[in-house]
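Before any comments, here is the structure.
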Amino acid sequence: MAVVFSMNPFLRRGARVAAFIFATGALAAADTAYLFTYFTHNGEDGLHLAWSEDGLKWQALNGGRSCLAPQIGAKEKLMRDPCVARGPDGTYHIVWTSGWWEKGIGYASTKDFVTWSAQRELPVMVHEPTARNAWAPEIDYDEARREFVIFWATTIPGRFPAIAGASEDGLNHRMFATTTKDFQAFTPAALFYDPGFSCIDATFLRAGGKQWLIIKDETKFPVPAKNLRLASADSVQGPFGALSAPFTPSGVWVEGPTAIQIGEYYYVYFDVYQDHRYGVMRSRDLKTWEDISAQLILPGDGTPDRVRHGTVIAVPRALVDRLRRTDSAHAPESR
């Protein structure tokens, strides 16, 4: 069936979104593991997976190989910035950046991270003739409206002229979004979030009965920002409150945040791309932050195969156990 972008206006206000962990309710800690969906290098070989019991020590799945090769993209066929969200029926939906200068994004779905639907291009910005890109899409489920929200960063030359020139390469991003209930009909892409500066890599964290939007400030000139900030909202569709001060380490350029609650802490992971490593901050109250990057162990640390921008999600432990058994069944015999 063809993808249809409907003419209904994009909805941005609504009721409070209840915390959505799993359709069957929150899992006990013993039944939960954590999955990291990520890419390596430039995203040429596709989706990689790692798992963890504590959110700090991560092990690669599938022998460190890609488990889904990219097939979408008019100019390139990449799978960068893979983001996954679980729907109420247990299906995992994934979106990704399909190329540096594409107007569409990639989409696929799975129940088990082994068998996948056909990949599709979602033409989210084709209606904007001068749009330069569609970067780092994220997907979240709005339980109150029973629909998915997909949002990404795009530069449209000439928009937001007051801030033009504050980032590199003439880029001046804002967040745009669409919604869908069935991944067949989509609302028209519309402006989702404008903090008054160039921004990318938005993601959400649920905490204290609210949604917290985490955003990267892409400002480079006259003084670089390149940090992460928070804004609260009652819904993943806003409206959003005032931004916090930056909470990532001063002077460290970061991108690609992903966030989750594990035990009493909220963890925000991010790519310290200039240093070719990952970092993580944790907090109990989203006000006081501790840098615990030294405790983080990820596949390929310190090598060209290192983890790049992805998503950390809680999953049933049984899903990870099945993936690990698949690994063992396909491991080469020792000699």
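The values are calculated or read from the model by the stated rules, or taken from the named source; none is laboratory data. Values in this document were obtained by computation on a predicted structure and should not be read as measured data. With ideal geometry, Cβ positions are generated from the backbone for all residues, glycine too; neighbour counts draw on all protein chains shown. The accessibility values were calculated without ligands, DNA or RNA, using every heavy atom of the protein model including side chains. Shrake-Rupley method; radii C 1.70, N 1.55, O 1.52, S 1.80 Å.
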Which value, in debye to the nearest 20, describes the size of the charge dipole of segment 74-154 about its Cα centre when Lys and Arg Cβ atoms bear +1, Asp and Glu Cβ atoms bear -1, and nothing else is charged? 240
N133's amide H: which non-local residues (gap 5+, or another chain) put their own amide H closer than 5 Å, with H modeled 1.01 Å from N in plane and none for Pro or chain starts? T155
Using a 10 angstrom cutoff on alpha carbons, build the Gaussian network for the chain and name the most mobile of A108, A245, A85. A245
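When the accessible area of the chain is split by element with a 1.4 Å probe, what percent falls to carbon and sulfur? The partial results should precede the final answer.
On the way: 7760 of 14470 Å².
The nonpolar share, carbon plus sulfur, comes to 54 percent.
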Highest-fluctuation residue, S232, S283, S66 considered, GNM on the chain with Cα pairs under 10 Å: S283
Principal axis box of the chain, alpha-carbon based, largest edge first, Å: 64, 48, 39
Any residue on another chain or 5+ positions along whose placed amide H is under 5 Å from the amide H of W100 is listed here as none
By accessible area of protein heavy atoms, probe 1.4 Å, what ranking do H48, H41 get, highest first? H41, H48
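Please report the relative contact order for the chain, taking Cα pairs under 8 Å with a sequence separation of at least 6, and give it as a percent rounded to a whole number.
Details: 855 pairs, mean separation 61.0, N = 335.
Value for the chain: 18 percent.
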Rel. contact order, % - alpha carbon contacts under 8 angstrom, at least six apart, segment 119-214: 24
Do the alpha carbons of any pairs in K75/K220; K226/K287; K77/K181; K210/K287; K77/K103; K181/K216 sit beyond 23 Å of each other, and which pairs? K75/K220; K77/K181; K181/K216
What's the center-to-center distance, using Cα atoms, between segment 275-318 and segment 208-227 in Å? 18
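Assigning unit charges at the beta carbon (Lys, Arg +1; Asp, Glu -1) and nothing else, what dipole magnitude in debye, to the nearest 20, does the chain show about its Cα centre?
Numbers: 35 positive and 37 negative charges, 83 e Å.
Charge dipole, the chain, about its Cα centre: 400 debye, nearest 20.
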Label point distance in nm, D169-A294, each placed 7 Å from Cα along Cα→Cβ: 3.5
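Could you provide, to the nearest whole Å², the per residue accessible area of the chain with probe 1.4 Å? All intermediate terms of the calculation are to be shown ahead of the outcome.
Values: 14470 Å² over 335 residues.
Heavy-atom SASA per residue in the chain reads 43 Å².
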Positive end of the dipole of segment 260-317, charges at C-beta (+1 Lys, Arg; -1 Asp, Glu), about the Cα centre: which of V315, V272, S293 has its Cα farthest in that direction? V315
Which one, T187, S167, M125, projects farthest toward the positive side of the charge dipole computed for segment 121-206 from Cβ point charges (K/R +1, D/E -1)? T187
